[in-house]
1. Scan segment A:50-70 and report the pairs whose first residue is in the same structural domain as residue A:23 (by TED's automatic domain parsing) and within 9 Å of DNA strand D (Cβ to nearest atom) and whose second residue is at pLDDT 95 or above and basic (Lys, Arg), with Cβ atoms within less than 7 Å and a gap of 6+ or a chain change.
2. If you check B:44, B:34, B:16, which single one turns out to be in contact with a His (Cβ under 9 Å, 6 or more places away or on another chain) and farther than 29 Å from residue A:107 by Cα?
3. Between B:114, B:218, B:180, which is of a type in the set (Ser, Thr, Tyr) and facing chain A (nearest Cβ under 7 Å)?
4. Answer yes if at least one residue in segment A:24-35 is exposed (fewer than 15 other Cβ atoms within 10 Å of the Cβ) and either part of a loop (DSSP other than H, G, I, E, B) or among the hydroxyl-bearing types (Ser, Thr, Tyr) (or both), and no otherwise.
5. Could you please tell me which pairs satisfy a Cβ distance under 7 Å, a separation of 6+ or placement on different chains, a first residue in segment B:88-104 that is among the small types (Gly, Ala, Ser), and a second residue that is assigned to a loop (DSSP other than H, G, I, E, B)?
6. Filter segment B:70-82 for residues that are surrounded by 16 or more Cβ atoms within 10 Å (Cβ to Cβ) and within 15 Å of DNA strand C (Cβ to nearest atom); which is farthest from the chain's Cα centre (by Cα)?
7. Residues in segment B:49-69 that are aliphatic (A, V, I, L, M), near DNA strand C (Cβ under 8 Å from one of its atoms), within 14 Å of chain A (Cβ to nearest Cβ) and not in a loop (DSSP other than H, G, I, E, B): how many?
8. Whether any residue in segment A:139-161 is within 21 Å of residue B:205 (Cβ to Cβ), free of Cβ contacts under 8 Å to residues at least 40 places away in the same chain and either assigned by TED's automatic domain parsing to the domain that holds residue A:103 or out of contact with any helix residue (DSSP H, G or I) (no Cβ under 8 Å at 6 or more places or on another chain) (or both) is what I want to check.
Number of protein chains: 2
Amino acid sequence: MSHRPVSANGSHGIPEATVARLPVYLRTLYALAENGTATVSSEELAVAAGVNSAKLRKDLSHLGSYGTRGVGYDVEYLVYQVSRELGLTQDWPVAIIGAGNLGRALANYGGFASRGFRIAGLLDSDAAVVGTRIAGLAVQHSDEMETVVRRHRVSIGVIATPAGSAQSVCDRLVAAGVTSILNFAPVVLSVPDGVDVRKVDLSIELQILAFHAQRKASMSGPAVQVVGS
Amino acid sequence: MSHRPVSANGSHGIPEATVARLPVYLRTLYALAENGTATVSSEELAVAAGVNSAKLRKDLSHLGSYGTRGVGYDVEYLVYQVSRELGLTQDWPVAIIGAGNLGRALANYGGFASRGFRIAGLLDSDAAVVGTRIAGLAVQHSDEMETVVRRHRVSIGVIATPAGSAQSVCDRLVAAGVTSILNFAPVVLSVPDGVDVRKVDLSIELQILAFHAQRKASMSGPAVQVVGS
DNA sequence: CCGGCTTTGTGCAAACATTCACAAGGGCGT
DNA sequence: ACGCCCTTGTGAATGTTTGCACAAAGCCGG
């Protein structure tokens, strides 16, 4: 998935597949904690997180031995350990580029600011939008990108611009020092080594669903599942 | 990723990893076609799509032998073949539940309607939003969900509601006949067998980036890369 | 203090995915 | 018509992920 090959897997090296699931466990653990649950077994947590319990145990085992045999995991303690592993015990200033529908949705998204992510800037190149307040934040002009990144030590940039400007915005972010990018524009970004890109593409997800839907449709269609005559 | 295990791999069975990349190839091919390119080699296409060329060839080989040795692939023909495989030669009516910031962003998203996906309905439970027009579409009340699904034969539902109502919306969609769901709410949906769920979670993507960013930060930190004394 | 019950942590094997490297095949110039 | 050159399609090797199944380990009741 366009990621460095976990270089040598040396010091501790958590598998990428595991990293992708940790946030799900974390969210599930928060829900349990709010619920008043103090202790949870791998089986219960696995069901709530929608995975197999053996997988969950192996995933957690990469962080250390934080469970108690015969009992399970202490919810609060596990929340802390997972958070620490994900780097959520520190604050991550984020810059959002593009204050269109999507950028606005992102700025207003609660789960965004909640877990250690702070919106350091919301930028747009459209003069008509600059200056308006969204989620308590004044939209700044794209010209300020470098200033905002440097002043707030932004290391994560979110690209919510049209496809056409995504690559140039990306280049400017990287030049200003951003090393992690979350890209919502439907283009393949090219970045230098050492910069991490993750993409979210609504259209791709729909197409994958369409593929499976088509498969399902052709199953109950002609020449399959013909029972009896 | 929470998908049926490609049951028996019988008739043709394209690997899930390949299916997830086909939309990227398709988008790249469209860009090439608009560019006037008639023929493309696996190497060129792979670079443009951001993957390894051997992987691309193996992926395409699952659809059939559509290339010409010594020459490459005919762009237009490949577009057709990939589209057909993904089920995009037919029309997919989609219902979006939730007309908040995200639902609105989705409805306005161009790439949405472009490739065979048609918004059959945009629903919300908030009476203040019902009736307003978004992207040329009147928002309907959630009570209409079943009616809309049945009338337009919707098989793909998009959940863009708050986490709290996601599961119940999901249940209603499934009961009305929807078998594919794209979930933007930060919860694990539980669905009966035969229903496909894909999730998009902004917060999870950010957390994965934070993990890698933390790792990068600790690399250039103390006790690593000490050159010389 | 001990034996039984429960649940973790993990060795191992199978499934899946990626990458290399090259034989098979097709066009093009002569 | 022939042979050269280029690119596909794919066997085999390697790496990653999953899931089973069970030994190791902690708690609790007696």
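1. Filtered contacts from segment A:50-70: A:51/A:21; A:59/A:21.
2. Values: B:44 fails: in contact with a His (Cβ under 9 Å, 6 or more places away or on another chain); B:34 fails: in contact with a His (Cβ under 9 Å, 6 or more places away or on another chain).
Checking each option against the conditions leaves just B:16.
3. Details: B:114 fails: facing chain A (nearest Cβ under 7 Å); B:218 fails: facing chain A (nearest Cβ under 7 Å).
B:180 is the lone residue from the list that is of a type in the set (Ser, Thr, Tyr) and facing chain A (nearest Cβ under 7 Å).
4. Scanning segment A:24-35 turns up no residue that is exposed (fewer than 15 other Cβ atoms within 10 Å of the Cβ) and either part of a loop (DSSP other than H, G, I, E, B) or among the hydroxyl-bearing types (Ser, Thr, Tyr) (or both).
5. Every condition considered, the pairs that remain are B:95/B:154; B:98/B:160; B:98/B:161; B:99/B:129; B:99/B:139; B:100/B:160; B:103/B:160.
6. Selected residue: B:72.
7. 0
8. no
The values are calculated or read from the model by the stated rules, or taken from the named source; none is laboratory data. As the structure is a prediction and not an experimental result, all values here were calculated from the model. A quick note on method: Cβ atoms are made from the backbone with ideal geometry, for glycine too, and the neighbour counts reach across all protein chains shown.
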